[in-house]
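J.: Below are the structure tokens for one structure; questions will follow.
The values are calculated or read from the model by the stated rules, or taken from the named source; none is laboratory data. Being a predicted model, the structure only gives us computed values, none of them experimental. Every residue, glycine among them, receives a Cβ derived from its backbone with ideal geometry; neighbour counts consider all protein chains shown.
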Ligand code: NZQ
Ligand code: ZN
């Protein structure tokens, strides 16, 4: 196991009815901006619960944050924060609303051109408006981490930043809020959480038994519960297990003391930036193609994954690794995110533009060995046609 430092200061309120905790979590004299997306929280009653918890408080609202949140939209919210003296941001929604709100929080207190925040990966942030969240889509882990992914629509650049200043002070995870998710977003959430786990697991062994077994537990849970959520959307226990799996998959626990990959995400972000695919659709396309390309380097962990997650008992290490790839593709397809570009109407034409965007962004040495170049990415995408 490698050395690590671990700290996660986000307070979690988990379970039905926990939105009422907002009354205790947000200072009574705060000037609050409630941020949200395209309106799902109005239809499913979540916004009503937020209003009830904040009765008598000073709050304004900023809606319209789109999936894969746009820099251009978020800068309008930054103006509201500055003009209205907002000192607390409450993000109510999925990863896009939470990520967008992290950016608003940092940009409102940033000196200079706010796009620099993305260009410098958040390293120059020195302050941010305090932020809390009410999560409505179990997927990204953004509710309990300090990362965010923002898209500049004008240039199709989808870039990420990290900063301890944007770590949520608290997050409210009420599984009931996820009952209204459409099948496409159920699939996306399960696949995103699954691939987050894999990005921190399917590398090479470092004898990190705790991290490996937590990862394998999350993967097994997602495989068991994901299809149930599609079949029976109002099953509380299923939603609760999915919600906590997704948070645990990217709250820093799994990456302690182990190598991490993230090539699938880096390639996937370019596919979304250029072609508008949902984040988790890109992950389903790219993940197993990376494994096929890097089979020798990843074989030991993939065989372990086959044994412990899919109960594959027979065959050589390579045969087990190949079985794991096959089973993973079947799982993605069963959830609703098929693992090929062609399933989304895309083909060879994407290969060069994706590699060119990665080069332009300086992401030219991907993976746990930092040995995946843009040329390698082209070969990986050919395996995903
Ligand atoms: O906008 P509304 O109307 O709310 O509708 C949303 C949106 O259309 C809908 N939705 C959310 N909760 C709902 C609901 N519909 C019905 N009932 C509910 N309870 O779902 C749609 C997608 O929402 P979005 O927030 O975009 O989904 P997700 O949570 O998957 O977030 C994806 C974004 O997060 C980034 C992705 O790149 C992408 O931009 N990521 C953030 C990460 C992080 N901060 O750590 C890590 C991830 O790897 C990922 O990159
Ligand atoms: Zn992701």
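J.: Kindly indicate which of 120, 155, 140, 197 is assigned by TED's automatic domain parsing to the domain that holds residue 77 and either closer than 30 Å to residue 230 by Cα or modelled with pLDDT under 95 (or both).
T.: 140
J.: In the list 354, 364, 377, which residue meets the criterion of being surrounded by 14 or more Cβ atoms within 10 Å (Cβ to Cβ), under 28 Å from residue 160 (Cβ atoms) and free of Cβ contacts under 8 Å to residues at least 40 places away in the same chain?
T.: Every option except 364 fails the conditions.
J.: Here's a follow-up. Tally the residues that are in a helix (DSSP H, G or I) and free of Cβ contacts under 8 Å to residues at least 60 places away in the same chain, restricting the search to the stretch 165-203.
T.: Number satisfying all stated conditions: 3.
J.: Still on this structure, please answer the following. Conditions first: (1) without any contact (Cβ under 8 Å) to a residue 60 or more places away in the chain; (2) within 16 Å of ligand 2 (Cβ to nearest atom); (3) surrounded by 24 or more Cβ atoms within 10 Å (Cβ to Cβ). Residue 162 passes all but one, so which condition is the exception?
T.: Status for residue 162: all satisfied but (3).
J.: Sticking with this one: Out of all the residues in the stretch 278-288, is one or more away from ligand 1 (no atom under 16 Å from the Cβ) and in a helix (DSSP H, G or I)?
T.: So far as the stretch 278-288 goes, yes, one or more of its residues are away from ligand 1 (no atom under 16 Å from the Cβ) and in a helix (DSSP H, G or I).
J.: In the stretch 237-266, which residues are in a helix (DSSP H, G or I), within 12 Å of ligand 1 (Cβ to nearest atom) and either under 21 Å from residue 200 (Cβ atoms) or not assigned by TED's automatic domain parsing to the domain that holds residue 287 (or both)?
T.: Across the stretch 237-266, the qualifying residues are 243, 246, 247, 249, 264, 265, 266.
J.: Same structure again: Looking at 94, 63, which one is at negative phi, within 16 Å of ligand 2 (Cβ to nearest atom) and not assigned by TED's automatic domain parsing to the domain that holds residue 278?
T.: 94
J.: Please tell me if residue 151 is in contact with a strand residue (DSSP E or B) (Cβ under 8 Å, 6 or more places away or on another chain), part of a strand (DSSP E or B), closer than 28 Å to residue 42 by Cβ and more than 10 Å from ligand 1 (Cβ to nearest atom).
T.: In short, no.
J.: So is residue 125 out of contact with any strand residue (DSSP E or B) (no Cβ under 6 Å at 6 or more places or on another chain), farther than 30 Å from residue 176 by Cβ and within 16 Å of ligand 1 (Cβ to nearest atom) or not?
T.: yes
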